[in-house]
Amino acid sequence: MGQMTPELMTKMSEGTFSELIGLKFTELGPDRVVGEWTVSPRLHQPFGIVNGGVYCTVVETLASTGGGAWFGERGTVVGVNNNTDFLRAVREGVLRGEATPLHRGRLQQLWQVVITDEQDRVVARGQVRLQNLAGG
């Protein structure tokens, strides 16, 4: 498939849940994936703060993208566990998620994702365990 760029990954996400929440990839590589999105009322839960499912989605998406970039032509990866902590309520602004690997093995990977606000405060963090599926 060639080299995946942040722009191409954002384009490939059109029509998916990632586009629905407004996630745009800004950096994409086998060792780090970064994305950002703007909070809108559509992403709120009924009490006016970002729904935790948005954070879970971003954590899953960035980790899986990084894991896939690292695993490359050997096959595909699928998430088998997502554990996300919500640390600070957010009502508006631009949020940024950064995924980095904690472990990359033959069968599984573990990625950490830290989500920060415009003041670089951590608002959520999560980790995703990925299963490496050889051969595509």
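The values are calculated or read from the model by the stated rules, or taken from the named source; none is laboratory data. Quantities reported herein were computed from a predicted structural model and do not represent experimental measurements. Here Cβ is always computed from backbone atoms with ideal geometry, including for glycine, and neighbour counts include all displayed protein chains. Please note that ligands, DNA and RNA were not included when accessible areas were found on the heavy atoms of the full protein model with its side chains. Shrake-Rupley method; radii C 1.70, N 1.55, O 1.52, S 1.80 Å.
Quick look at the numbers
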| read-out | value |
| --- | --- |
| Meets criteria (in contact with a strand residue (DSSP E or B) (Cβ under 7 Å, 6 or more places away or on another chain), over 30 Å from Pro46 (Cα atoms) and either open to solvent by 50 Å² or more (accessible area, probe 1.4 Å) or part of a strand (DSSP E or B) (or both)) for Gln131 | yes |
| All strands (runs of 3 or more DSSP E) inside segment 1-94 with 3 or more residues being at pLDDT 95 or above and open to solvent by 60 Å² or more (accessible area, probe 1.4 Å) | 24-28, 75-86 |
